[in-house]
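This report concerns only the one structure given below.
A short reminder: the numbers here are calculations on the coordinates, not readings from a lab. Bear in mind the structure is a predicted one, so any value in this text is a computation, not a measurement. Cβ placement follows ideal geometry from the backbone for every residue including glycine, while neighbour counts extend to all protein chains displayed.
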Amino acid sequence: MIFSQVTQAPADPILGLTEAFKADARSGKVNLGVGIYKDEAGETPVLRSVKQAEARLLEQEKTKNYLGIDGVQAYNQAVLELLFGKGSELIAQNRAQASQAPGGTGALRIASEFVMSNTQSRTIWVSNPTWANHQNVFETAGLQVKEYTYYRAEDHGMDFDAMMADLATAEQGDLVLLHGCCHNPTGIDPTIEQWQQIGELCRDKGLVPLFDFAYQGFGAGIEEDAQGLRIVAAMVPEMLVASSFSKNFGLYNERIGAVTVVAADTETKDKAFSQVKRTIRASYSNPPAHGALIVSTILGDETLRAEWEAELTEMRERIAEMRTLFVDSLAAAGVTQDFSFISTQNGMFSFSGLNKDQVARLKDEFGVYIVGSGRISVAGMTKSNMPVICKAIAAVL
Ligand code: PLP
């Protein structure tokens, strides 16, 4: 017998919270833990554009034959255009190639294993703080994780100088994990000038950016949110991108993402991509089709794409509205502490500055669930749960 040697794994910090939430019998409970978009009714419905694409697929799909190792080709092409822009130089130069992957997480894992198996690089730098699963994914693939400073608690802002100073100590060939937009968990993104400096540093020191791009369209817009990535891509010879369409297409359980390789020239890119495919073959052989077919159907059809863009705008604007309402409602609940920084952050999350004890009290006394780091999913707020949330926060401050 060997399983008796196995020890209990700790609960996942975010998904474990959802389990605790589900088990909570209180009627007024609110889950602001996991990063899932909710509409004004507190639901996460299938997007209209997705439903229409699915109806077409149901009618037109002729086979469930295996896909190639890298998945749906029209999807992979659409991913490149979302990342680098239609008519981008990088695409024209044939220096970039995307492979369908099972979600952003799957893409991060493939990218890590590709690096471990085919290069000398062993270190990845991640922001402090970062998405709770990054360290887990990278370390499981065998990479050593180092942290660069990102957040300054005193003014709830970005400590860009400290970030650059930390990355200046990185070694040539080290990977640098960068959040393409809507930094998770802080909601604070670099400015255009700062992206430029990040690109220069990566280029000058020979660091390899690994962009985690899970929220395109949730910040300022589809094109706007890709600006940082495009600035850096224009400056460095090689990089990797892990895309996720879980949030911006609401395709959470379809597990649809992509891993993209950018190399100095086509020949190097082709070799690297062949090894990405080998990595995939050894882990799940080839991907499921449905999510990729939905995305490529929508992006390849003018009407469906317009519908999707409108839905994405709706989601983005509702979150922005909730940010403002949150700040106002906290003040109305008698909170004197300045929370105005929340209205300038991007994407689904806000880093509230609430400490572990306050987070525990929110859960135990008020049934309001947020992540231990103080990260709040603004996308889970609605006009109707806002008073409960703000009253609870006012009570624990
Ligand atoms: N990267 C970041 C920064 C995320 O916030 C998330 C999801 O929360 C992911 C990756 C994973 O996305 P997926 O669900 O597509 O694996």
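Remarks
- Estimated 222 nm signal from helices in the chain, with DSSP H stretches of n ≥ 4 weighted -39500 (n - 2.57), rounded to 500: -13500 deg cm²/dmol
- Förster radius 45 Å - calculated FRET efficiency between A162 and Q5, Cβ distance, rounded to 0.05: 0.55
- When the Cα convex hull of the chain is projected onto planes of every orientation, the mean area is 21.2 nm².
- 3J(HN,Hα) along the range 50-55: 5, 4, 5, 4, 5, 4 Hz, from the Karplus curve 6.51 cos²θ - 1.76 cosθ + 1.60 with θ = phi - 60°, whole Hz, x for Gly and Pro.
- Computed over the chain with a Gaussian network model linking Cα atoms closer than 10 Å, the most mobile of Y66, Y150, Y252 is Y66.
- Stretch gain in nm, segment N133-K29, where the contour uses 0.36 nm per residue and the Cα spacing is subtracted: 34.9 nm
- Summing Cβ point charges (Lys, Arg +1; Asp, Glu -1) relative to the Cα centre of the range 245-397 gives a dipole of roughly 620 debye.
- With 0.36 nm allotted per residue and the present C-alpha distance subtracted, the E19-K62 stretch has 11.6 nm of extension available.
- Whether the range 118-277 is rounded, prolate or oblate, judged on the alpha carbon gyration tensor where a/c under 1.5 counts as rounded: rounded
- The slack between I36 and A153, meaning 0.36 nm per residue of separation minus the straight C-alpha distance, is 39.6 nm.
- Relative to the longest principal axis of the Cα atoms of the chain, the long axis of helix 386-396 makes an angle of roughly 70 degrees.
- The range 1-150: Cα Rg divided by the 2.2 N^0.38 Å rule of thumb: 1.39
- Whether the range 204-298 is rounded, prolate or oblate, judged on the alpha carbon gyration tensor where a/c under 1.5 counts as rounded: oblate
- In this simple spin-label model, placing a label point 7 Å from the Cα along the Cα-to-Cβ direction at both E224 and Q275 gives a separation of 3.9 nm.
- Backbone N within the range 245-269 under 13 Å of label point (7 Å from Q120 Cα along the Cβ vector): none
- Of V232, I319, V276, farthest towards positive along the dipole that unit charges on Lys, Arg, Asp, Glu beta carbons give the range 222-320: V276
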